[in-house]
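S.K.: Have a look at this one.
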Amino acid sequence: MNIVVVPFHDWRKIILEGCRTRDAHFIGELTKTPGVTTLIINRPTTLLEILIKKKPNLISGKVILAKSNFKLYEIKKDVYLVDYVSKNMFSQAFTGYKWFINQYGNKQYLAFIKDCLRLLNMESKYCLLNQNIFAYKLSEQLHAPLSILDAWDNFLKFKVYKHLMPQIKAGYHTYANRAHFWITNSKDNITAFNKAYKPKKLVLIKNGVDVQRFVQNTVLPKPKDMQAIPHPIIGFGGKISQLLDVALINKVTKLAPNLSFVFVGQILDKQVYKQIIKRPNVFFLGDKHYDTYPIYVKHFDVCIVPYVVADQKKSGANSIKVYEYLATAKKVVGTNANGLEDLSEYVYIANTPQEFVNEINATENKKAPLVLENHSWESKTQQLLNLVNNASTN
């Protein structure tokens, strides 16, 4: 089976931070699956971006085809990567994400991708798995034998992309016309996407967990930046984004001065970060590589998901972190939204700040354990491959 994957995240970023996102997890499992040849079409970039974001020399492998600004790497057996590094640095700097959208329609880039498909004997038989809402021009022009959109989250609900609403809508409409079917990560998205875009077929494949990474019973030393933080530690591991319920967080940290609230993750929305009151019992430890992050989770006493519940504020998310928390067997407390409503058998749901405080003050987890083999990324990828096989034979 030949799979051509268009991830949302730049491959260099994935290497730099670890395979922690949905697109990276799917790619990781595909590249481990016998009988699958994977071609990754990397996000276009520039030398300036590579230097500014400290991402030089991260792609390893043998260059087996090169032309102008394009290269085809053989990463390992049956795994290949198309990389496009543009010299047009100023255009990217001035137009931002619109530059990426336009470059996915670059005729030279498209021609090189087709050359790669021919070289790898994939041209007439492959599945295009597009996980990037901004890469719709690629799906539009490649005419893949089988085309899938991974419509994870609803990008129309992200404030950070507000200036790109026309392009995002155009992307969804294009995928509705071009893709043979969509997959998505939440029930909210199924309702919203079916109503707005009516894709030919829409299948729910929720997020999963890297079981081996989070289940290991080895006791590892507490990270240095956690050593001075007193227990009980109430931990959140994830992006600081619009999904966080700031009002809830501020009330809970005030009501529970005896608890330490530790946030581990990247700050995506600076306004959200500024609104969180920096009380003496609140600690921000910054972003961590995915190889290191599980150590932090294992030193949490309770894991939390204090997400917004209002429909207009949600983004169709199905939080990966929840499955990772549950794999450690820690107590998990969250709000009734963003996929947690379907996990009430395993997660403690709090509807008010006081309920939240009551739950995090008791660290013992009395909920049923998650059946991990049903929620592993391996099982999620197998769901996808079963869909591809069925579509290919019909």
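Nothing in this text is a laboratory measurement; each read-out follows from the coordinates by a stated rule. Note that the coordinates shown come from a computational prediction; the quantities given were computed from them, not determined experimentally. Here Cβ is always computed from backbone atoms with ideal geometry, including for glycine, and neighbour counts include all displayed protein chains.
S.K.: As a footprinting exposure proxy, order ILE267, ILE148, ILE249 by other Cβ within 10 Å, with the fewest listed first.
M.R.: Details: ILE267 15, ILE148 26, ILE249 22.
Lowest to highest Cβ neighbour count: ILE267, ILE249, ILE148.
S.K.: Using alpha-carbon positions, what is the distance between the centroids of region 206-256 and region 283-306, in Å?
M.R.: That distance is 4 Å.
S.K.: Right, next: Take the alpha carbon atoms of region 364-388, find their center, do the same for region 56-121, and report the distance between the two centers in whole angstrom.
M.R.: Here the two parts' Cα centres lie 33 Å apart.
S.K.: How many nm is it between the label spots at PHE94 and LYS274, if each spot is 7 Å from the Cα in line with the beta carbon?
M.R.: 2.9 nm
S.K.: Still on this structure, please answer the following. Using a basic spin-label model with each label point 7 Å from the Cα along Cα→Cβ, how many nm lie between ALA310 and HIS231?
M.R.: About 3.8 nm, to one decimal.
S.K.: Hey, for a label at GLU345 modelled as a point 7 Å past Cα toward Cβ, could you say which residues of region 364-394 have their backbone N under 14 Å away?
M.R.: Residues 367-375 qualify, since their backbone N sits under 14 Å from the label point.
S.K.: How much of the DSSP bridge set in region 212-373 is antiparallel, in percent, rounded to the nearest 5? Working shown, then result.
M.R.: Working: 1 of 19 bridges.
Looking only at bridges with both residues in region 212-373, the antiparallel portion is about 5 percent.
S.K.: Oh, and also: Between VAL215 and LYS114, what is the spin-label point distance in nm, taking each point 7 Å from the Cα along the Cα→C-beta axis?
M.R.: With each label point 7 Å from Cα toward Cβ, the separation is 4.6 nm.
S.K.: Assuming a viscosity of 0.890 mPa s and a temperature of 25 °C, what translational diffusion coefficient in µm² per second does Stokes-Einstein assign to the chain, Rh being the Kirkwood radius over Cα pairs?
M.R.: My calculation gives 111 µm²/s for D.
S.K.: Provide the three semi-axes, in whole Å and in decreasing order, of the ellipsoid equivalent to region 212-373 as defined by the square roots of 5 times the Cα gyration tensor eigenvalues.
M.R.: Values: eigenvalues 86, 74, 52 Å².
After scaling each eigenvalue by five and taking roots: 21, 19, 16 Å.
S.K.: List the lysines whose Cα sits under 18 Å from the Cα of LYS200, skipping any in the same chain fewer than 8 residues away.
M.R.: The qualifying lysines are LYS169, LYS187.
S.K.: Still on this structure, please answer the following. Mind scanning LYS278/LYS380; LYS87/LYS107; LYS137/LYS239; LYS157/LYS298 and naming the pairs with a C-alpha gap bigger than 27 Å?
M.R.: Numbers: LYS278/LYS380 38 Å; LYS87/LYS107 16 Å; LYS137/LYS239 29 Å; LYS157/LYS298 32 Å.
In this structure, LYS278/LYS380; LYS137/LYS239; LYS157/LYS298 lie more than 27 Å apart at Cα.
S.K.: Just ARG118, ARG22, ARG43 to compare: in a GNM of the chain, with alpha carbon springs under 10 Å, which one fluctuates most?
M.R.: Highest fluctuation of the listed residues: ARG118.
S.K.: What ranking, highest mean first, results for peptides 381-391, 254-264 when packing means the other Cβ atoms within 10 Å averaged over each residue?
M.R.: Working: 381-391: 15.7, 254-264: 18.3.
My ranking of the peptides, most packed first, is 254-264, 381-391.
S.K.: Label region 193-244 by shape, choosing from rounded, prolate and oblate, from the square roots a ≥ b ≥ c of the eigenvalues of the Cα gyration tensor; if a/c is under 1.5 it is rounded, and otherwise prolate applies when a/b is larger than b/c, oblate when it is not.
M.R.: On the way: a/c = 5.12, a/b = 2.12, b/c = 2.42.
It is oblate, given that a/c is not under 1.5 and a/b is not larger than b/c.
S.K.: Taking each full run of DSSP H in the chain as one helix, which ones are at least 30 Å long along their axis (Cα atoms) and have mean Kyte-Doolittle hydropathy of at least 0.0?
M.R.: Values: long enough: none.
Qualifying helices: none.
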